[in-house]
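See below for the structure under consideration.
Bear in mind these aren't lab numbers, they're just calculated from the coordinates by the rules spelled out. Treat the numbers as computed from the prediction; the structure is a model and nothing was measured. Please note: Cβ atoms are built from the backbone with ideal geometry, for glycine as well, and neighbour counts cover all protein chains shown.
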Amino acid sequence: MDIKKVLIEFVLTFVILYIIYYFFIIKKCKKKKDYVPVEVNLILVLYKIDYKKIDIYKMVKITSLVSTIIMALIITIISNFFDSTIIVLIFGTLVSVVIAFICYNIIGSYFKKKSLEKHSRTK
């Protein structure tokens with residue numbers, strides 16, 4: 001296995017996925033102020049974040065970036081290390097759920113803290 005080839009594959013996968021995210025998610029959020037992607041909505045609900053107290057567009061961009069990194073990482077790992085379809089499905093599902101849970105937890109904690117800071121400044 002060539003590390004350079006794997007790294008190039010990761011970067012290309014990331015760029016392609018981010019371009020797709022940009023045109024279908026980020027641009028849509030910019031045009032329609034009331035549109036919130038599923039990932040962002042999940043974080044807002046789970047962490048009870050008041051979307052009026054944070055920059056929702058910034059949260060959409062960060063969540064899109066993290067989601068794209070997760071997907072590119074999983075796709076690169078699967079395409080380079082596994083041949084069996086069943087192992088690919090099991091590994092891809094489990095690892096992507098665990099990584100997404102950890103990353104969205106960090107994002108949720110960060111924006112919860114930001115919303116509380118803004119709440120304490122407005123009092």
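Two decimals is fine: what is log10 I(q)/I(0) at q = 0.15 Å⁻¹ for the chain, from a Debye sum with one equal scatterer on every Cα and no solvent? Each listed q maps to, in turn, -0.77. For the range 1-107, trypsin sites (Lys or Arg not before Pro) are listed when DSSP marks them as loop and at most 15 other Cβ atoms sit within 10 Å of their Cβ; the list is Lys32, Lys33, Lys48. Near Tyr47, once Lys and Arg are set to +1 and Asp and Glu to -1 for all other residues with Cβ below 13 Å from its Cβ, the sum equals +3.
Sequentially through the range 94-108, phi angles give Karplus couplings (6.51, -1.76, 1.60; θ = phi - 60°) of 4, 5, 5, 5, 5, 5, 4, 4, 5, 5, 5, 5, 5, 4, x Hz, Gly and Pro residues having no value and appearing as x. Pairs spanning more than 20 Å between alpha-carbon atoms, out of Lys28/Lys112; Lys28/Lys113; Lys53/Lys113; Lys30/Lys58; Lys58/Lys113: Lys28/Lys112; Lys28/Lys113.
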